[in-house]
Amino acid sequence: MACGGADGCPVVPLRNGRGVPVLGLGTSHRGGYSHDAVVHALRQCGIRHIDTAKRYGCESLLQKAIKESGVKREDLWITTKLWHSDYGYENTKKACMESCERLGVEYLDLYLIHWPDTHVPGKSNQEVRAETWRAMEELYEKGVCRSIGVSNFLISHLEQLQEDCAVTPHVNQVEYHPFQRPQELVDYCRSREIVFEGYCPLAKGEALTHPSIVQLAKKYGRTPAQICIRWSIQNGIVTIPKSTRAERIQENCKVFDFTITQDDVEILNGMHDGRHVSWDPSLIV
Ligand SMILES: NC(=O)c1ccc[n+]([C@@H]2O[C@H](COP(=O)([O-])OP(=O)(O)OC[C@H]3O[C@@H](n4cnc5c(N)ncnc54)[C@H](OP(=O)(O)O)[C@@H]3O)[C@@H](O)[C@H]2O)c1
């Protein structure tokens, strides 16, 4: 695997020949946004992958941080997401161009449909997702989006989309941390060459005080956050921890100079209890 910044960060190959750095920086409306932390991540930590969304409201702020960092556009992997208020064929194309404008870029490395639920009265979810995906495919063909994908899609949503699409999603971004390891979905994605990307790798901080994780951190002389991030990576999952604090971003990037033994990976794998920290599962139909 090629190197994607962050001191030895490997790049995970996509079906279309592109490669996404396995470790990225999350941003979101929850917990705030820090300009200085993003600049630090890019300049000092070698982060080359940023995850954002229209919904997070920080695309324009990211444009400023990227500019200030001096990192070249072609050295960066930028993911943003389409919010459900913009679903549908025309709206999707417009929303994508608006995201590009806010981010100050001519193309996106990855554009994701943020949620499977579409909230369009009088139309089925499948119908709206299919129309939306047609626009995503067009954006991909034009090169505005160099890869396209989905987020929070379950197997049933992916199967439905498969009936309607010409291009299979390159990525599915889903919650993934020691308490939430949806292995069936991971296996399904892999069988279709859909790269599995995991969000909330620290379970929004909940995983960092769990006694087993604290114990493993002591054993490896690492921090609980590093154990969670390294575990995701060793399971082959692209991961995007978020922090608004420069020193924590630095810490979260130092995960390429140690290996968790398979026995300890199994301990972490065994912690899945099905809990979601990001959303209420009843919201997805
Ligand atoms: N596709 C989707 O629907 C979706 C949903 C949720 C999230 N995401 C993406 O995934 C990213 C990550 O998810 P997330 O932010 O919800 O959860 P997360 O990365 O699991 O956890 C972030 C929390 O952990 C804290 N933290 C980070 N590093 C730490 C460290 N080394 N030690 C102690 N605490 C630390 C942060 O606080 P401080 O800021 O104070 O450090 C923040 O409160 C988001 O930013 C977003 O890009 C996508």
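The values are calculated or read from the model by the stated rules, or taken from the named source; none is laboratory data. Here the structure is a predicted model, which means the values were calculated and not measured. All Cβ positions, even for glycine, are placed from backbone atoms using ideal geometry, and neighbour counts span all protein chains on display. We work out accessible area using only protein heavy atoms, side chains counted, and drop any ligands, DNA or RNA first. Shrake-Rupley method; radii C 1.70, N 1.55, O 1.52, S 1.80 Å.
Ser191 versus Asp263, label points 7 Å from Cα toward the beta carbon: distance in nm? My value for the distance between the label points is 3.3 nm. Given R0 = 22 Å, the distance between the Cβ atoms of Thr209 and Arg43 translates into a calculated FRET efficiency of 0.10. Helix 125-142 sits at what angle to the longest principal axis of the chain, using alpha carbons and giving 0 to 90 degrees rounded to 10? On a 0 to 90 degree scale, this one is about 80. Could you give the distance between the Cα centres of segment 46-104 and segment 126-184, to the whole Å? Taking the Cα centre of each part, segment 46-104 and segment 126-184 sit 18 Å apart. Calculate how steeply helix 59-69 sits against the longest principal axis of the alpha-carbon atoms of the chain, using the helix alpha-carbon long axis, and give the answer as 0 to 90 degrees to the nearest 10. It works out to around 50 degrees. With a Cα cut-off of under 17 Å and a minimum spacing of 8 residues unless on different chains, the lysine pairs in segment 25-165 number 9. For His119 and Arg30, what does the FRET efficiency come to when R0 = 22 Å and r is the distance between their Cβ atoms, rounded to the nearest 0.05? The computed FRET efficiency comes out at 0.60. Per residue, the accessible area of segment 11-272 comes to 41 Å², computed with a 1.4 Å probe over protein heavy atoms only. When shorter helices are ignored and each DSSP H run of at least 4 residues is given -39500 (n - 2.57), the per-residue value for the chain at 222 nm works out to -11500 deg cm²/dmol.
Roughly how tilted is helix 155-164, in degrees to the nearest 10 and between 0 and 90, from the longest Cα axis of the chain? Between the helix axis and the principal axis of the chain, the angle is about 30 degrees.
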